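> Right, I'll just put the structure down here and ask away after.
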Amino acid sequence: MSVFKPRDVSRRRFLGGGLAALGAAPIFPHISLAATGEAIHALAFDGDTLVAATEAGLRRLLSGTARQLPFASRITALASHPKREGTLLAALEGGGLRRSLDGGLTWAEAGAGLPAAPITALTVAALDPDMIYAAIRGDGLWRSEDSGESWHFVMDRPYLEGTEHDVLSLVSVASPSGMGGIWLYAGTKAGLTRVPDCFCRWQDVTAGDAMDALAAGKSPPPAAPLPLGEPIANLALAPDAPQRLYAGLASGLWVSTDAGVNWAQASPGATEALAVDPADPLHLVAARESGLSVSRDGGATWTRSTPFKDS
């Protein structure tokens, strides 16, 4: 494989079918990108290593050191899966998708067949590391079932408050209430929505069985929804803990313990990027107002990391 620069990809074709404790893991709390002045655009865990996409490129952060990785374009979204350590997916600012199989050392094309528009959100299916979902600006939701070798359109953009909205954040939630246990939750400027794997329609996140709610046509609203009027730019969870979901808003970090039905504010402060340790759903890393910060208690308290050293 080799490093690619962004290039145009084919247009959409019309388709026939629808860190608080000092005894933390090695990289914490010893790292900080804030000290370098680098804006952080995306975060992801690759095993126990944190990968950060910044203005200066891509970095792997481990054991108090940062390793610069080769990448010629600005990355706006990262995705990984705990069952495929070393495999990273990166969305490019101008459009296009790249895949690495060696932890970011080399990259190959993975977006052939996607529209030539920016990917606004990216995730890997919780129950299938070969299945990737990409939300395309002004277009809709696309799916690959072969790790990015081929793509097909599966769903229009969410229709909320009388208009379609781009998906700003996307996460796969393995919940038994979804079709086949598969859900996609999407954050938009107009709030939170979700769609089951049947891609029948976007719907509100409600308690109980989703198919019953679809048949009934409506469901009771949650007792404690996310705040209205705040774009949901970050959604994250550990795939093996689907009930515990995090949302990064301008007002702070919010947490749900019932798969996104009801929410409580874990801590104030805007979250620019967010990642959850797949081995510990209480272990979070976020780009916040104070810089790169770590929480070991689900976002209730944060420790700002100290400067790292380039390896």
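Laboratory data are not the source of any read-out in this text; all were calculated from the coordinates shown. Predicted model, so just to flag it, every value in this text is computed and none were measured. A quick note on method: Cβ atoms are made from the backbone with ideal geometry, for glycine too, and the neighbour counts reach across all protein chains shown.
> Would you pull out the residues with amide H under 5 Å of Arg288's amide H, same chain only if 5 or more places away, H placed 1.01 Å from N?
Glu272, Ser293
> Could you order peptides 146-153, 84-91 by the average number of other Cβ atoms within 10 Å of their residues, highest first?
Descending packing order for the listed peptides: 84-91, 146-153.
> So how do Glu289, Glu93 line up by other beta-carbon neighbours within 10 Å, fewest first?
On the way: Glu289 11, Glu93 14.
So the ranking, lowest neighbour count to highest, is Glu289, Glu93.
> A further question on this structure: In debye, nearest 20: dipole of the range 83-202 around its Cα centre with unit charges on the Cβ of K, R (+) and D, E (-)? If you can, show how the numbers build up before the last one.
Numbers: 10 positive and 15 negative charges, 54 e Å.
That gives the range 83-202 a dipole magnitude of about 260 debye.
> What residue among His152, Ala91, Ala66 has its Cα farthest toward the positive end of the dipole of the range 45-185, where the charges are +1 on Lys, Arg and -1 on Asp, Glu, each on the Cβ?
The residue sitting farthest along the positive end of the dipole is Ala66.
> Spin-label point model (7 Å from Cα, Cβ direction): what's the Arg137 to Asp240 distance in nm?
Going from the Arg137 label point to the Asp240 one covers 3.7 nm.
> For Ala117, enumerate residues with amide H under 5 Å from its amide H, sequence gap 5+ or separate chain, H modeled in the peptide plane.
Placed amide hydrogens put Gly96 under 5 Å from Ala117.
> Apply the Karplus curve 6.51 cos²θ - 1.76 cosθ + 1.60, θ = phi - 60°, to the phi angles in the range 293-305 and return the couplings in whole Hz, x for Gly and Pro.
Once rounded to whole Hz, the list reads 10, 10, 10, 10, 10, x, x, 5, 10, 10, 10, 6, 6.
> Further question on the same structure: On a C-alpha basis, how far is the centre of the range 46-70 from the centre of the range 94-118 in Å? Whole number, if you could?
The distance from the Cα centre of the range 46-70 to that of the range 94-118 comes to 18 Å.
> Please give the FRET efficiency for Gln68 paired with Asp146, using the beta carbon to beta carbon distance and R0 = 45 Å, rounded to the nearest 0.05. Numbers along the way, then the final one.
On the way: r = 31 Å, r/R0 = 0.68.
After rounding to 0.05, the efficiency reads 0.90.
> Here's something else I'd like to know. Alpha carbons only, please: Rg and Dmax for the range 253-299, in angstrom.
Cα only, the range 253-299: 10.5, 30 Å (Rg, Dmax).
> If you plug each phi of the range 261-277 into the Karplus form 6.51 cos²θ - 1.76 cosθ + 1.60 with θ = phi - 60°, what whole-Hz ³J(HN,Hα) values come out, in order, with x for Gly and Pro?
6, 10, 10, 9, 6, 7, 6, x, x, 4, 10, 8, 8, 8, 9, 10, 4
> From the C-alpha coordinates alone, can you work out the Kirkwood hydrodynamic radius of the range 126-172, in Å? Don't jump to the answer; show the numbers that get you there.
Numbers: mean 1/r = 0.0876 Å⁻¹.
By the Kirkwood definition, the hydrodynamic radius is 11.4 Å.
> Oh, and also: May I ask you to sort Ile119, Ile182 by Cβ crowding, counting other Cβ atoms within 10 Å and putting the fewest first? Numbers along the way, then the final one.
Values: Ile119 27, Ile182 19.
Ranked by crowding around the Cβ, least crowded first: Ile182, Ile119.
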